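**Q** Okay, handing you the structure first.
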């Protein structure tokens, strides 16, 4: 027996241990392979604080039989005091027997104003089973809209329109609140 043979035996033992571990995890899971590959749905910490004022009031996910086109529609209501954006919605998809067939995530990049609501629709080509008949959707993440760092002030009359008085002489403003 040489070193190469013993190395192959040790590598085989390690691989066998990994396979045994994976089989035990899958058999211990109540939902089989899907339970191992699709972990529990968790909501981000930032969204957890805001979910008392933001609600997913309606959701619908349908799969067209031809073309693998998935249509999704979401209605979001913001009863909070801040505008929100980048709302991540995770939907668990089920077949007619109630068996979980997978999950998909959509992100609403638009802003939902404070005390407002919005309806958002998506149509994407996805490789999802056409046996999907039901979905369970929830908001898993969102962000507050922050004030811009830089604001731009524009003149109302166009470029240079208010820079002259009635005699055509140029007005001078130092920009510091006092005239020179």
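The values are calculated or read from the model by the stated rules, or taken from the named source; none is laboratory data. These figures come from a predicted structure and were not determined experimentally. Neighbour counts are summed over all protein chains in view; Cβ atoms, including those assigned to glycine, are modelled from backbone coordinates with ideal geometry.
**Q** What is the number of the single condition among (1) exposed (fewer than 14 other Cβ atoms within 10 Å of the Cβ); (2) in a strand (DSSP E or B) that residue 98 does not meet?
**A** Condition (2) is where residue 98 drops out.
**Q** Which residues, taken from the stretch 63-94, are surrounded by fewer than 13 Cβ atoms within 10 Å (Cβ to Cβ) and either assigned to a strand (DSSP E or B) or without any contact (Cβ under 8 Å) to a residue 12 or more places away in the chain (or both)?
**A** Answer for the stretch 63-94, where residues must be surrounded by fewer than 13 Cβ atoms within 10 Å (Cβ to Cβ) and either assigned to a strand (DSSP E or B) or without any contact (Cβ under 8 Å) to a residue 12 or more places away in the chain (or both): just 66.
**Q** Which condition breaks for residue 139 when tested against (1) surrounded by 13 or more Cβ atoms within 10 Å (Cβ to Cβ); (2) out of contact with any helix residue (DSSP H, G or I) (no Cβ under 7 Å at 6 or more places or on another chain); (3) touching a residue at least 24 places away in the same chain (Cβ under 8 Å)?
**A** (2)
**Q** While we're here: State whether the residues of the stretch 129-136 include one that is at pLDDT 90 or above and closer than 21 Å to residue 49 by Cα.
**A** No, the stretch 129-136 contains no residue that is at pLDDT 90 or above and closer than 21 Å to residue 49 by Cα.
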